[in-house]
Amino acid sequence: QVQLVESGGGLVQPGGSLRLSCAASGFSFSKYSMYWYRQSPGKERELVALIFSTGSITKYADSVKGRFTISRDNAKSTVYLQMNSLKPEDTAVYYCYSRIVRDYWGQGTQVTVSA
């Protein structure tokens, strides 16, 4: 069955960096676009970044452009989110997502940016 497992979250000071990973299994990873979403308490889940199947096209939310980078390793069936210059407003649970016939979400990983 399809599984998406995020890792790499944690507590970081403002201006710091984290790299999130999402390990995928149960489907042909290299054929599908992959997405990172986030959700803060009291807010709707929002799209952070996406990457097409070959990695040739990426898109970002305006709030993270120039600070976050999405990438993928199709040989490892893993998608990454490199987050630099983190701000307190980046604090959220980050989710990996893909649509393979239907929607699939990971369990989420908490990112907290605080001094």
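The values are calculated or read from the model by the stated rules, or taken from the named source; none is laboratory data. In this text the structure is predicted, and so the values were computed from the model without any measurement. Accessible surface is based on the protein model in full, side chains and every heavy atom, while ligands, DNA and RNA are left aside. Shrake-Rupley method; radii C 1.70, N 1.55, O 1.52, S 1.80 Å.
Which distance in Å, rounded to a whole number, links the C-alpha centroids of region 78-112 and region 1-36? That distance is 6 Å.
Here's the list of lysines a cross-link from Lys59 could span, going by alpha-carbon distance under 21 Å and ignoring same-chain residues fewer than 8 apart: Lys31, Lys87. Note that region 97-110 has calculated 3J(HN,Hα) couplings of 8, 8, 10, 10, 6, 9, 6, 10, 10, x, 7, x, 9, 7 Hz, one per residue in order, obtained from phi through the Karplus relation 6.51 cos²θ - 1.76 cosθ + 1.60 (θ = phi - 60°); glycine and proline are x. Only beta bridges with both residues in region 8-115 are counted; by DSSP, about 90 percent of them are antiparallel. Accessible area per residue for region 1-109 is 53 Å², calculated with a 1.4 Å probe on protein heavy atoms, without ligands, DNA or RNA.
Of the accessible area of the chain, with the probe set at 1.4 angstrom, what percent is carbon plus sulfur? Roughly 47 percent of what the probe reaches on the chain is carbon or sulfur.
Cα extents for region 20-115 along the principal axes, largest to smallest and rounded to whole angstrom: 40, 25, 20.
Scanning residues 5 or more positions from Val48 or on other chains, those with amide H under 5 Å from its amide H are Trp36, Tyr37, Arg38, with H placed 1.01 Å from N in the peptide plane.
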